[in-house]
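Contents: one structure, followed by commentary.
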Amino acid sequence: MFESLALAVCLQPNNSLRQLWTLYKLEECYCKISYIRLRNTAKTCFNPTFPLNLPPQNQEFNPMITLQDWQANKDKWLDRDLALMTSDAGWKKRGQKNGINIWQQPFADDKNDLFRWRLPQVAADFREVHNVFANQMIDYHQYWTAEYTGGFLVEEIDENTRIYYQQFNPNVPFISKRDLLYLQCSRVIDESTIQTSFRSMVLDKMPVPKGFERIDWWGGHLFQANDDGTSQLVLIDRENQGGRFPAFMMNQTMPKFLIHQFESIVAFFAKGGTRGHEKLSDSQNTARTLRQSLLTV
């Protein structure tokens, strides 16, 4: 309960505590009523003395993928992400700042909605921007996501497909640290466009460390050239933060969080990109101990 409220304050500081508390309590009551109804229905169908293995109230039914899932569905998922980043079908405008629109779209398999936004002018060539997000994210992610504390390359599947691991610390009371294990795949669409897609995954050698909640993430980036040498960047993002953070609150806070994030991305490249910023040092990388333990196995 306290974790949900604290994380909401962190993501959307302009909301008052009273507003967030009211929203949380409404959702909590709804979950409890739904849960009680489900139990009562189950009790009429089964022996009441038999233990009922019902899911936790906040569980989302959106399992993370395996490498085998990706290999079987790769082309279909890449095509779907590309369509979502290039078509307006199904999207609803949720917010705007400085001409940048935030779009939102729900899906039946998860209460956490998908969001999309387009940056019309990033001060770097589209190949340079792609290189940062696809190959140097673990070195520079802290410049647009302040909670990021470290990560590493887990495995290279082929020249276009990799598995990465990242850690995040909100530094807010009552909030657990988060981590993220994801598969990343890039492909060239044409001479001026590159696509990258991301899916959270499970891997036997990468269990969730003690004290962390694992994020379930579906994301995509589209890097496109502008005639003046700058580039456009389209992003899609859906996150299940895990723990006790309810989906309805995530959907409410995401637009303001994304606006802050795209402003930071634009500023990063406007100030020289990797040439104007220091890498996250190895001593600062909180995931370095986990990385070393994998190397010694």
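Derivation of every value follows stated rules applied to the coordinates shown; laboratory data play no part. If you're wondering where the values come from, they're calculated on a predicted model, not measured in any experiment. Cβ placement follows ideal geometry from the backbone for every residue including glycine, while neighbour counts extend to all protein chains displayed.
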Which aspartates and glutamates, if any, have their Cα less than 15 Å from the Cα of LYS205, not counting same-chain residues under 8 positions apart? GLU155, GLU156, ASP179
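How would you rank 208-215, 189-196, 248-255, highest first, on the average number of other Cβ atoms within 10 Å across their residues?
Details: 208-215: 14.5, 189-196: 16.0, 248-255: 19.6.
Packing proxy ranking, top to bottom: 248-255, 189-196, 208-215.
Distance cut-off 28 Å, Cα to Cα: go down the list LYS74/LYS111; LYS97/LYS177; LYS76/LYS111; LYS97/LYS271 and report the pairs above it. Please list the in-between numbers first.
Numbers: LYS74/LYS111 24 Å; LYS97/LYS177 30 Å; LYS76/LYS111 22 Å; LYS97/LYS271 21 Å.
Too far apart for the 28 Å limit: LYS97/LYS177.
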